[in-house]
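Comments concern the structure below.
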Amino acid sequence: MTLVEALENLGVKKSLLDSSGVSWFTTENVDPRQLAESLLRHGARFITVTTHELPRGQGFRLEYLWDLDGRLLGFAFEVGNTMPSIFDICEAADWIEREIHEEFSIDFVGRSYEPLLLREGDRTGVNLREVTQ
């Protein structure tokens, strides 16, 4: 089975190729863990996840970037404050999941956390707090 067929079986559809060369795919009702497993089976390499807070407290947009033979593949998920972890499937996701947890208070379900940038006992969500001087 090709990667395109595997993605279609998961419910992923190609949506657009943006100006930076990323092929973006829709992920509505797609299990991110099954997606990661399928991408890895087909030789894709995990790159990173970027996070954007949605307006009016509507949650977050997590954009997963993968590389397959020099092509960038993007998968965006809109979530509340939880997302299934892919760390046990793809160890390369460890650091970025921990960083996103500390900066945005998003819990990656199915994993534990060691402090990364914060000290033990600090509150998570540093990117969500107003900075006062």
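The values are calculated or read from the model by the stated rules, or taken from the named source; none is laboratory data. Please read these numbers as outputs of a predicted model, since none were measured by experiment. All Cβ positions, glycine included, derive from the backbone under ideal geometry; neighbour counts span all protein chains shown.
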Filter result (within 12 Å of the chain's Cα centre (by Cα) and either closer than 18 Å to E28 by Cα or modelled with pLDDT under 95 (or both)) within the stretch 74-93: G74, F75, A76, F77, E78, V79, T82, M83, P84, S85, I86
Scope the stretch 22-45; condition touching a Leu at 6+ places or on another chain (Cβ under 6 Å) and of a type in the set (G, A, S); matching residues: S23, A44
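Only one of these is among the small types (G, A, S) and under 21 Å from G110 (Cα atoms): G74, G70, G80. Name it. Explain how you work it out, then say what you get.
Values: G74 fails: under 21 Å from G110 (Cα atoms); G70 fails: under 21 Å from G110 (Cα atoms).
Only one candidate passes the filter, namely G80.
Here's the yes/no breakdown for (1) within 29 Å of T2 (Cα to Cα); (2) touching a strand residue (DSSP E or B) at 6+ places or on another chain (Cβ under 9 Å); (3) surrounded by 13 or more Cβ atoms within 10 Å (Cβ to Cβ):
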{"site": "L65", "(1), (2), (3)": "yes, yes, yes"}
{"site": "G74", "(1), (2), (3)": "yes, yes, yes"}
{"site": "F77", "(1), (2), (3)": "yes, yes, yes"}
{"site": "M83", "(1), (2), (3)": "yes, yes, yes"}
{"site": "I96", "(1), (2), (3)": "yes, yes, yes"}
{"site": "I106", "(1), (2), (3)": "no, yes, yes"}
{"site": "S112", "(1), (2), (3)": "no, no, no"}
